[in-house]
1. Is it the case that some residue within region 42-53 is in contact with an Asp or Glu (Cβ under 7 Å, 6 or more places away or on another chain), more than 26 Å from residue 97 (Cβ to Cβ) and either surrounded by 10 or more Cβ atoms within 10 Å (Cβ to Cβ) or not basic (Lys, Arg) (or both)?
2. Is it the case that residue 13 is out of contact with any strand residue (DSSP E or B) (no Cβ under 6 Å at 6 or more places or on another chain), within 28 Å of residue 95 (Cα to Cα) and either assigned to a strand (DSSP E or B) or at pLDDT below 95 (or both)?
3. Inside region 35-108, counting only strands (runs of 3 or more DSSP E) that do not spill past its ends, which hold 1 or more residues that are modelled with pLDDT under 90 and acidic (Asp, Glu)?
4. Among residues belonging to region 57-79 that are among the β-branched types (Val, Ile, Thr) and under 20 Å from residue 22 (Cα atoms), point out the one that is surrounded by the most Cβ atoms within 10 Å (Cβ to Cβ).
5. Name the pairs whose Cβ atoms lie under 9 Å apart, with the first residue in region 57-73 and within 15 Å of residue 41 (Cβ to Cβ), the second modelled with pLDDT of 90 or more and exposed (fewer than 10 other Cβ atoms within 10 Å of the Cβ), and 6 or more positions between them or separate chains?
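The values are calculated or read from the model by the stated rules, or taken from the named source; none is laboratory data. Just so it is clear, the structure is predicted and the values come from calculations on it, not from any experiment. Please note: Cβ atoms are built from the backbone with ideal geometry, for glycine as well, and neighbour counts cover all protein chains shown.
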Amino acid sequence: MKLLAIALTLIVEVYGASSQDVAYQKIFVERTNIPFEILSDKHFRLTEALKLPTFTYNGVRLIGRLALLVDKGKVEKVFYPVFPPDKNAETVLEWVKACTLSERLGEE
């Protein structure tokens, strides 16, 4: 929750995406109290368009864990593979803060 609060001060939007259907995602969000929207890519349209990594677990195709930073429709940065997963949000926010600071200072 603290990291989401930091993200909001940086004027970024946070979304999750998964290959599960909307009903599954709704249960997941309620169970975990995730404070952002989860988008369904059940038919893998986004995954295939962006050539995102997938894997199969117990016969089910899933999207690999990654983070994308998108600005004005353009993918600016990809964080993959995500390791360790519990530090990914922190890693991404540090990168965003560094870029925001560079922009504020007029650096390229």
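1. Restricting attention to region 42-53, the residues satisfying the condition of being in contact with an Asp or Glu (Cβ under 7 Å, 6 or more places away or on another chain) are 42, 47.
From the residues that got through so far, the ones that are more than 26 Å from residue 97 (Cβ to Cβ) too are 42, 47.
Still in the running and either surrounded by 10 or more Cβ atoms within 10 Å (Cβ to Cβ) or not basic (Lys, Arg) (or both): 42, 47.
Yes, region 42-53 contains at least one residue that is in contact with an Asp or Glu (Cβ under 7 Å, 6 or more places away or on another chain), more than 26 Å from residue 97 (Cβ to Cβ) and either surrounded by 10 or more Cβ atoms within 10 Å (Cβ to Cβ) or not basic (Lys, Arg) (or both).
2. Numbers: out of contact with any strand residue (DSSP E or B) (no Cβ under 6 Å at 6 or more places or on another chain): yes; within 28 Å of residue 95 (Cα to Cα): yes; either assigned to a strand (DSSP E or B) or at pLDDT below 95 (or both): yes.
Answer is yes for this residue.
3. 37-40, 67-71, 74-79
4. Applying the first criterion (among the β-branched types (Val, Ile, Thr)) to region 57-79 yields 60, 63, 70, 75, 78.
Filter again for under 20 Å from residue 22 (Cα atoms), leaving 60, 63.
Numbers: 60: 9, 63: 17.
Per the stated criteria, the residue is 63.
5. Hits for this filter: 62/56.
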